[in-house]
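Beneath this line is the structure, given in structure tokens, with notes to follow.
The values are calculated or read from the model by the stated rules, or taken from the named source; none is laboratory data. Values in this document were obtained by computation on a predicted structure and should not be read as measured data. Cβ placement follows ideal geometry from the backbone for every residue including glycine, while neighbour counts extend to all protein chains displayed.
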Amino acid sequence: MPELPEVETIVRDLKKKIIGRKIIDAWVDTPKLIKNPKNFSDFKEKIKNRKILDAWRRGKNIILSLSGGKTLLIHQKMTGHLLVGQWKWQKNNWQPIGDGYLKEKVNNYIHLLFFLDDNRMFALSDVRKFAKAILIDSENLNQLSDIKNLGPEPLDKKFTFAKFKERLKNKKGKIKQILLNQEIIAGLGNIYADETLFLARLHPTRRLESLNNAELARIYKSSRLVLKKAIRLRGTSISDYRDTAGKPGGYDKVRLVYRREGEKCPRPCQGLVQRIKIGNRSAHFCPKCQK
């Protein structure tokens, strides 16, 4: 699933590419992607002729502020990613016009598409069709369960170490699972939780209640370092994630332990990266560095 760095990359691209443009039409072949209004005809009627005023992120959600007091929320889920370009309908599918990354197979599962007033489109490619789009009145955005239950943003300047500790107060459980809880902190997922804990030299099964102040400080600092680096490198594309040009991100080339099971630890300890299951999620770590 695209995590904070991938969603942030998409949003920054959208800010450069589609702000100020007007949506003149919409198309879908998988109506279940549209969660509100549930009738696609209503969705299309309500979104047509609205100008895109802003693009921003909350947790793993992409949010477009539209003219006339409407907001479009898109969650890419497991395999979705947003693309900006031009396509033509050919052989019962949307085919990209011109050469480039959009022609790669991973970008050719378009199930939701918006036509803009400059002859370009932005589209949702999603092989598993788990993504969702919600169009609502802007004043109701914070009432959506997708938004109202989210914890603070880990890179927010106001999210200090003191506030980090406050979010963890009275919580219990394995630290990897705590970091994945979106109601505690928003945006972290499997990739960057593993990378964070490796940098912090903490085993993913350590109980939160066993961690001292110095260890919590290492988690706080490491998470910010990892997320900022991943944003600079435009995300991780081990699986289906691509940016709005259809191009893969660069963080997977420098990842430390995530999906490196059996490889040597990047530190000189000579340990081998292991993978274990915690709940229904995988965790990757070095047993020598993260005892």
Unmet criterion (only one of (1) touching a residue at least 60 places away in the same chain (Cβ under 8 Å); (2) assigned to a helix (DSSP H, G or I); (3) not polar (S, T, N, Q)) for E209: (1)
Candidate set: the range 1-47, residues that are part of a loop (DSSP other than H, G, I, E, B) and of a type in the set (D, E); chosen: the one nearest to A186 (Cα to Cα): E3
Members of the range 63-93 that are in contact with a Phe, Trp or Tyr (Cβ under 8 Å, 6 or more places away or on another chain), over 15 Å from M121 (Cα atoms) and either among the β-branched types (V, I, T) or part of a strand (DSSP E or B) (or both): I63, S65, T79, G80
Check on G85, over 17 Å from T236 (Cα atoms), touching a Gly at 6+ places or on another chain (Cβ under 8 Å), surrounded by fewer than 16 Cβ atoms within 10 Å (Cβ to Cβ) and outside the structural domain of K228 (by TED's automatic domain parsing): no
Qualifying residue in the range 269-278 (condition: under 30 Å from I147 (Cβ atoms), assigned to a loop (DSSP other than H, G, I, E, B) and touching a His at 6+ places or on another chain (Cβ under 9 Å)): no
Residue that is surrounded by 18 or more Cβ atoms within 10 Å (Cβ to Cβ) and either outside the structural domain of I110 (by TED's automatic domain parsing) or under 21 Å from K172 (Cα atoms) (or both), where the choices are L256, L272: L256
Filter result (out of contact with any His (no Cβ under 8 Å at 6 or more places or on another chain) and under 15 Å from G85 (Cα atoms)) within the range 112-141: L112, L113, F114, F115, L116, D117, D118, N119, R120, M121, F122, A123
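Taking the range 138-156 as the search range and keeping residues that are among the acidic types (D, E) and either closer than 19 Å to V7 by Cα or surrounded by 11 or more Cβ atoms within 10 Å (Cβ to Cβ) (or both), which one is modelled with the lowest pLDDT?
Taking the candidates together, the pick is D146.
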Filtered residue count, the range 173-201, keeping only those that are assigned to a helix (DSSP H, G or I) and either within 14 Å of S223 (Cα to Cα) or aliphatic (A, V, I, L, M) (or both): 15
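Given the criterion of a type outside the set (G, A, S) and part of a helix (DSSP H, G or I), identify the matching residue among N119, N140, N170.
N140
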Meets criteria (in contact with a strand residue (DSSP E or B) (Cβ under 6 Å, 6 or more places away or on another chain), assigned by TED's automatic domain parsing to the domain that holds C265, within 21 Å of T79 (Cβ to Cβ) and in contact (Cβ under 8 Å) with a residue 12 or more places away in the chain) for R234: no
